[in-house]
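These notes are about the structure you will find just below.
The values are calculated or read from the model by the stated rules, or taken from the named source; none is laboratory data. Just so it is clear, the model here is predicted, and its values are computed rather than measured. Reconstructed Cβ throughout: ideal geometry from the backbone, glycine too, with neighbour counts over all protein chains shown.
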Amino acid sequence: MALPAILVALMLHAANPVGVGKADRIPVPVWMEIRADSILTVLTAPEKSRWISVDDGCELRPDLDGKAATFAAAGKGRYRILVVTGDAEPVRLVIVVGDPAPTPEPGEPMAKRLQLAFDLDSREPAKKRLDLAELIELYRQAAAFADRTDVTTIAELIGRIRDAAKSLVPEGLVAVRKAVAEELGSIFPFDGPLDAETRKKAKKLFAKLSAALATLK
């Protein structure tokens with residue numbers, strides 16, 4: 001019997017096993033927010049830098065001297081940019097285009113946070129619903145995938161799920177996928193072995209995400 005497409009995607013995006021060790025807690029990075037006046041925005045730096053776009057749905061074209069870059073996005077939203085100068089710590093920017101939905105408070109329910117993200121996608125409703133159906137099914141099946149014995153670490157499990165989500169919905173629901181990634185990161189902020197308790201925790205989260213996604217309108 002043929003494997004469901006989503007399970008195939010999960011297996012195709014398997015991460016290579018790596019050694020895992022304990023390290024000091026990584027400080028939370030600070031992102032500076034810049035509100036764009038229009039869809040086309042010029043960003044500048046005091047010296048030659050590398051400009052790296054983190055999120056899908058936008059273009060970043062550095063000037064030849066590396067001191068500026070032209071940013072453009074297809075629609076409203078929040079887009080992260082890294083500006084790297086020499087060996088210094090990258091400057092982290094969030095470019096806010098248009099008037100995106102308000103950022104929900106941390107205490108608000110998951111479904112409400114996902115709904116705000118879903119509303120940011122301005123495509124045809126039919127396309128949005130098709131992409132949403134893929135994500136709902138992905139996280140429904142991910143709950144069972146967490147029991148696979150060949151997936152041994154948290155990073156490997158989350159990496160497979162995130163890669164599969166991007167593969168199944170490569171261009172749509174960008175804000176929803178970001179919101180889901182934040183939910184995953186809040187529950188599993190660090191890597192570690194997948195023991196029985198962690199697998200149970202992951203399955204519960206995946207089931208909760210699937211149910212929350214199913215409420216979106």
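Key figures
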read-out	value
Within segment 195-212, tally of residues that are surrounded by fewer than 16 Cβ atoms within 10 Å (Cβ to Cβ) and under 9 Å from A146 (Cα atoms)	1
Every pair of residues 6+ apart whose Cβ atoms lie under 9 Å, when the first sits in segment 67-81 and is closer than 13 Å to A175 by Cβ while the second is at pLDDT below 90 and of a type in the set (F, W, Y)	A73/Y79; Y79/F71; R80/W31
Boolean, G57 is small (G, A, S), closer than 20 Å to S167 by Cα and surrounded by 17 or more Cβ atoms within 10 Å (Cβ to Cβ)	yes
Pairs, first in contact (Cβ under 8 Å) with a residue 60 or more places away in the chain in segment 163-176, second in a helix (DSSP H, G or I) and acidic (D, E), C-beta under 6 Å, six or more apart	L168/E134
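Residue-by-condition table, conditions (1) over 12 Å from the mean Cα position of the chain (by Cα); (2) surrounded by fewer than 17 Cβ atoms within 10 Å (Cβ to Cβ); (3) among the aliphatic types (A, V, I, L, M):
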residue	(1), (2), (3)
K127	yes, yes, no
L130	yes, yes, yes
A133	yes, yes, yes
Y139	yes, no, no
L168	yes, no, yes
L184	no, no, yes
P193	yes, yes, no
